[in-house]
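Everything on this sheet refers to the single structure shown next.
The values are calculated or read from the model by the stated rules, or taken from the named source; none is laboratory data. Keep in mind it's a predicted model, so treat the numbers as computed, not measured. Every residue, glycine among them, receives a Cβ derived from its backbone with ideal geometry; neighbour counts consider all protein chains shown. Ligands, DNA and RNA are stripped out before the accessible areas are found, and what is left, the full protein with its side chains, is counted by its heavy atoms. Shrake-Rupley method; radii C 1.70, N 1.55, O 1.52, S 1.80 Å.
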Amino acid sequence: MGAPHDTAMSSSAEPYTFSLLLRAEDAVRRSTWVRDRRRVVLLHGWLQDHASWLSTAHHLRRQYGHSVLLLDWLHHGRSETPTDPAALSPDALVRQLRSTLEHICWAGPGQPSRLTIGGCSLGGAVAMMYTNLYPQDVDRLVLVAPAGFNEPWYRVITHAGRFSANALIRSTRCWLGKTLHSAWLLRLLGHAHLISDTPRYGNLEAWFDTPTARLKPILLVTAAFDELHRADAHVRCREEDPLFRTRTILVNHSLLCSHLAWLRLDRDPSAWHELNDADLPVRSQRGTRGARMLTVKSDTATPSGSGHVTPRSRL
């Protein structure tokens, strides 16, 4: 299993955040473990929690020997909610991620920086923002239906969500703290602050074309019928780039983000670590004269090893 961590953001007055660390050292070593073992960080989307990535995390540790960190964003899952709803923002989530990584010694002075970050929807936007701030810490990215890009005016649901969130914030600003005592309304207001800058969330414009992004191997997974975030509309600049790969699933945004385990992204090893000839599975074949020959399987989209097991029970 993994080790849960309750991490203070910066002081005892700050809300605590929940994280779950699946250490490779706690698992039984397998022959499929790779030489390029990584520290993987998986970030969930809005209104989700760490469990959305849990199955993928177990597979990555069991199949390749990666250590995997999952966390619950502030105001989500087992993490606490700030006293002031206005403190919730994508920048606050970036700070939360950095604080958690430093707490487990995955970031900071003298720490090795070979992170692979996977992010879904809002988590994808935070992954890109974190990479902007700490490019030397991030080696590659797996982005599933990521936010963080401008959307055209006809993307009605996305813009309606931002307009509604800002309308709620403005309507409560004058009397918040005087008559607003409803816990559920405070929680709703916190979510409104968090998505008040959707869909871009303060990310750099045309992020895929930035110098930082061009240096990173990226797997982009999108929904063909995504009603919220169409990151695939911003990939023309990377069409001939061997470091940039895309995958399209015939579902909408909600189905894609709520079925991350079904995607089996762990079966794409090059998305998570650098492939090495020694890590590729070997199979035997008969030669024309009955001699036994060894050939290396080169399909990087196929998992190493002969199978997968059901992930361990969720928390």
Rounded to the nearest percent, how much of the accessible area of the range 14-110 (1.4 Å probe, protein heavy atoms only) is carbon and sulfur?
46 percent
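Could you tell me what percent of the accessible area of the range 123-168 is made up of carbon and sulfur, with a 1.4 Å probe and every protein chain present? Could the numbers behind the result be given before it?
Working: 1120 of 1690 Å².
Carbon-and-sulfur percentage of accessible area, whole number: 66.
Using R₀ = 22 Å, calculate the FRET efficiency as 1/(1 + (r/R₀)^6) where r is the Cβ-Cβ separation of GLU240 and TYR154; round to 0.05.
E between GLU240 and TYR154, to the nearest 0.05, is 0.15.
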Just how much of GLU274 is accessible, in Å², when a 1.4 Å probe is used and the result is rounded to the nearest 10?
100 Å²
Find the accessible area per residue for the range 4-104; the probe is 1.4 Å, ligands and nucleic acids are left out, and the unit is Å².
38 Å²
Dipole-positive endmost among LEU141, THR100, GLY123 within the range 63-181 (Cβ charges, Cα centre)
GLY123
With DSSP loop assignment and no more than 16 other C-beta atoms within 10 Å, the trypsin sites (Lys or Arg not before Pro) in the range 151-237 are LYS178
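Return the percentage of antiparallel bridges among DSSP beta bridges fully within the range 14-92, rounded to the nearest 5 %.
Values: 4 of 8 bridges.
In the range 14-92, DSSP labels about 50 percent of beta bridges as antiparallel.
Let a ≥ b ≥ c be the square roots of the eigenvalues of the Cα gyration tensor of the range 129-273; is it rounded (a/c under 1.5), or, if not, prolate (a/b larger than b/c) or oblate? The partial results should precede the final answer.
Details: a/c = 2.10, a/b = 1.89, b/c = 1.11.
Judged from the Cα gyration tensor, the range 129-273 comes out prolate (a/c at least 1.5, a/b above b/c).
Hey, if we sort ASP232, ASP36 by accessible area with the 1.4 Å probe, largest down, what's the order?
Working: ASP232 50, ASP36 30 Å².
Ranking ASP232, ASP36 by accessible area, largest first, yields ASP232, ASP36.
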Residue-ordered couplings for the range 238-248, obtained by feeding phi - 60° into the Karplus form 6.51 cos²θ - 1.76 cosθ + 1.60 and rounding to whole Hz (Gly and Pro as x), are 10, 4, 9, 8, x, 7, 10, 10, 10, 8, 10
